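**Student:** So that we are looking at the same thing, I have put the structure below in structure tokens.
The values are calculated or read from the model by the stated rules, or taken from the named source; none is laboratory data. For clarity, every value in this text was computed on a predicted model and none was experimentally measured. Virtual Cβ from ideal backbone geometry, glycine too; neighbours counted across all protein chains shown. Keep in mind that these areas ignore ligands, DNA and RNA; they rest on the heavy atoms of the full protein, side chains included. Shrake-Rupley method; radii C 1.70, N 1.55, O 1.52, S 1.80 Å.
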Amino acid sequence: MNLTLSEVTATLSELPAVLGRYLLTIEVADILDIAIMVFVLYKLLALVQTTKAASLLKGLMVFMTTLFLSYLFHLNGIYYLLSRMVEVGALALVILFQPEIRRILEEMGSRRILAFFTHAENVGEVEQTIGQTVLACTEMSQSRTGALIVFEREILLDDMVRSGTVLDASVSSELLKNIFFVKAPMHDGAVIIRHGRVLGAGCMLPLSKNVNLSRDLGMRHRAGIGMSENSDAVVVIVSEETGSISVATGGMLKRHLKAETLENLLRNELLPQEEDETDKQKFSLSGLLRARKNGGA
């Protein structure tokens, strides 16, 4: 059925009255139903927005807008072609968004279903992880041992983990130093940390495609930057040539960091900002160094 412009205008003019009558019929159960749907939809959109699927979603919105405009202005040829494409659109979306759909289902089916909705984390465990990582990087920097440590955040890195050796271990400075020991079988790959635990080691990361990177950056730095370009992960890099410590986030590299700067940067990126100052110092680098000194005395 083709609508004229006057009919469309008349329909739009009656819309406020129709909405008013509808609002009078809404009950508490309806409000709760809508709130739950909005919350779940928001979480799904937030997850999609942090992945490459965001561009596909924008393309879908352009497609649907074009379909509506072609119907509104009687562009019959365009409308016919687009409407035929809609018939296979559901299957196409499943194919295009297959990695994201699989990740969502894995997340909802795992023990981290609570984190899927609340992103709740064990702050104390992450605190200890940061302290142990800073301690390990400080000692590897002094011995010029190359290291590549990835802290996973919202975007899951399961594909990267499967490229290496899957682990499930608490983070400690000794474990990290053993993994990146020059003669260890997994020292050339990356360690991936999820919620304060080592998820995998010897993992392969995508190299950065940025042609403007400095030529003195080696493969380890380019892999770290590439990982930060393709996800929201925080990547810590220790140079094997110079021993300098760097951090890559969002495709940007911060180089030549001191231990205190590295610790503060990781806290700002990985911990809730409302955290109490006393808790921040519980597993600090200075505390770990003092504990090691007292233990060796």
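**Student:** Arg197: open to solvent by 60 Å² or more (accessible area, probe 1.4 Å) and either under 17 Å from the mean Cα position of the chain (by Cα) or under 11 Å from Val150 (Cβ atoms) (or both), yes or no?
**Tutor:** yes
**Student:** Criterion first (within 20 Å of Phe151 (Cβ to Cβ) and touching a Phe, Trp or Tyr at 6+ places or on another chain (Cβ under 6 Å)) does Val238 satisfy it? Steps first, answer last, please.
**Tutor:** Working: within 20 Å of Phe151 (Cβ to Cβ): yes; touching a Phe, Trp or Tyr at 6+ places or on another chain (Cβ under 6 Å): no.
When the stated conditions are applied, Val238 does not pass them.
**Student:** Specify the residue that is surrounded by the fewest Cβ atoms within 10 Å (Cβ to Cβ); the eligible residues are those in segment 160-181 that are farther than 12 Å from Gln132 by Cβ and free of Cβ contacts under 8 Å to residues at least 40 places away in the same chain.
**Tutor:** Going through the qualifying residues, I end up with Asp168.
**Student:** Residues that are modelled with pLDDT of 75 or more and open to solvent by less than 50 Å² (accessible area, probe 1.4 Å), at least 2 per element: which helices (runs of 4 or more DSSP H) completely within segment 3-106 meet that?
**Tutor:** 53-72, 76-87
**Student:** Got a sec? Which strands (runs of 3 or more DSSP E) wholly within segment 145-262 have at least 2 residues that are on the phi < 0 side of the Ramachandran plot and small (Gly, Ala, Ser)?
**Tutor:** Here the list reads 165-170, 197-203, 245-249.
**Student:** Also, quick follow-up: Considering only segment 145-173, state which residues are out of contact with any Asp or Glu (no Cβ under 6 Å at 6 or more places or on another chain) and over 16 Å from Gly200 (Cα atoms).
**Tutor:** To start, the set of residues in segment 145-173 that are out of contact with any Asp or Glu (no Cβ under 6 Å at 6 or more places or on another chain) comprises 145, 147-152, 156-173.
Selection gives Thr145 alone.
**Student:** Which one is modelled with the lowest pLDDT, of the residues in segment 132-160 that are β-branched (Val, Ile, Thr) and farther than 15 Å from Glu174 by Cα?
**Tutor:** Ile155
**Student:** Might you let me know whether segment 210-226 holds any residue that is under 19 Å from Ser143 (Cβ atoms) and within 22 Å of the chain's Cα centre (by Cα)?
**Tutor:** Yes, there is a match, as at least one residue in segment 210-226 is under 19 Å from Ser143 (Cβ atoms) and within 22 Å of the chain's Cα centre (by Cα).
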